[in-house]
1. More than 25 Å apart: what percent of Cα pairs in segment 53-202 qualify?
2. Order of 38-46, 245-253, 14-22 by packing, highest average Cβ count within 10 Å first?
3. Excluding same-chain residues fewer than 8 positions from K219, which aspartates and glutamates have a Cα within less than 13 Å of its Cα?
4. Could you sort out which of K112/K300; K103/K300; K18/K136 sit more than 21 Å apart by Cα distance in this structure?
5. Across 20 Å bins from 0, what is the distribution of all Cα-Cα pair distances for the chain, in whole percents?
6. Could you give the alpha-carbon Rg of segment 40-126 over 2.2 N^0.38 Å, rounded to two decimals?
7. Relative contact order (percent) for the chain, with alpha-carbon contacts under 8 angstrom and 6 or more residues of separation?
8. List every residue whose amide H lies under 5 Å from the amide H of I93, counting only residues 5 or more places away in sequence or on a different chain, with H placed 1.01 Å from N in the peptide plane.
Amino acid sequence: MDISELVTTAQALVAPGKGILAIDESTGTIAKRFATINVESTEQARCDYRSTLLTTPNLGDHISGAILFDETLRQSTPDGRPLVEVMQEQGIIPGIKVDKGAKDLAGHPGEKVTEGLDGLRERLQEYAELGARFAKWRAVITIGEDIPSAACIEANTHALARYASLCQESGLVPIVEPEVLMDGNHDLDDCFDVTEATLRSLFAQLYEQDVILEGVVLKASMVISGSTCEERASVDEVAQATLTCLLNAVPAAVAGIVFLSGGQGDQEATEHLDAMNRLGEFAWPLSFSYGRALQQAALKAWGENRGNQEPAQQALAHRAKMNGLAAIGEYDPAAES
């Protein structure tokens, strides 16, 4: 393990004005996304769509890295260029999703634990040989009646820490993602308490596993009202609560924090990120690692203009630029038009 290389990669992922494009949807998830635009999810269609995104001109101006699904890391553009090489030419760091998904946690109805540690060392070594320089593992924490349990939080954060240690052993920067789901009618305070407890457990586990925090990027969910909460918190309230929670629980040594959009609208996610960065400078950069909030408009344009990449690429470039500005606190909603 080359510590300096890990740190350099982690810092590059959160470079000023840049963030991460998440295009690591599983085969099942992207099939659901394609169904919304009436496109059958074949391997070729998935390759065409993701090639369109990754060949967007000047994408590297605002995208530092992209999280890929296993098949994407191995695919090439229609003209035969490996997608990893296309990314490297733009200065975009290739990353890979390595977890096997969230499964029911035995003995804990309504709760999940993410699986995928078996055989992970060998998979990480193969991914590194294929050109990946960072990886991602997602845990999901649900807020509901009497949940999350301490057992659920601990099971997930322990797995995240073991994954992170294996990543660093293989020379890959681990992105650790303990997502507190927006689903539910919980309020801002409930989300704050669960997020803080989860993050405290995560960093205790990372410490126990001797993970080098300077070579770690945290992919965090924002402290936000539940999607069906009657009184949803404002942009400024979300920004303040999220920052307070992070300051309470995240060590200053962490290389950076990137937020997931977690079901927020495209512009809503941008506004929240911008509001946080306007509150000052912190020990870690605050940036983005969005999936739907970067892709939604591009996916629609791609579906409507098969054979013409330009509309989808323009849509992606626009959202990447808006979020890049938000990552330095310079986003202007007027630019959306």
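1. Working: 4380 of 11175 pairs.
So the pairs more than 25 Å apart make up 39 percent of the total in segment 53-202.
2. Values: 38-46: 13.7, 245-253: 15.9, 14-22: 23.0.
Per-residue mean Cβ counts within 10 Å order the peptides as 14-22, 245-253, 38-46.
3. The reachable aspartates and glutamates, counting only those whose Cα sits under 13 Å from K219, are E177, E179.
4. Pairs exceeding the cut-off: K112/K300; K103/K300.
5. 33, 61, 6
6. With N residues counted in segment 40-126, Rg over 2.2 N^0.38 Å equals 1.34.
7. Rounded, it is 19 percent for the chain.
8. G65, A66
None of the figures in this text is laboratory data; all of them are computed from the coordinates on show. The model shown is predicted, which means the values in this text are computed figures rather than measured ones. No Cβ is skipped: glycine too gets one built from the backbone with ideal geometry, and neighbour counts run over all protein chains shown.
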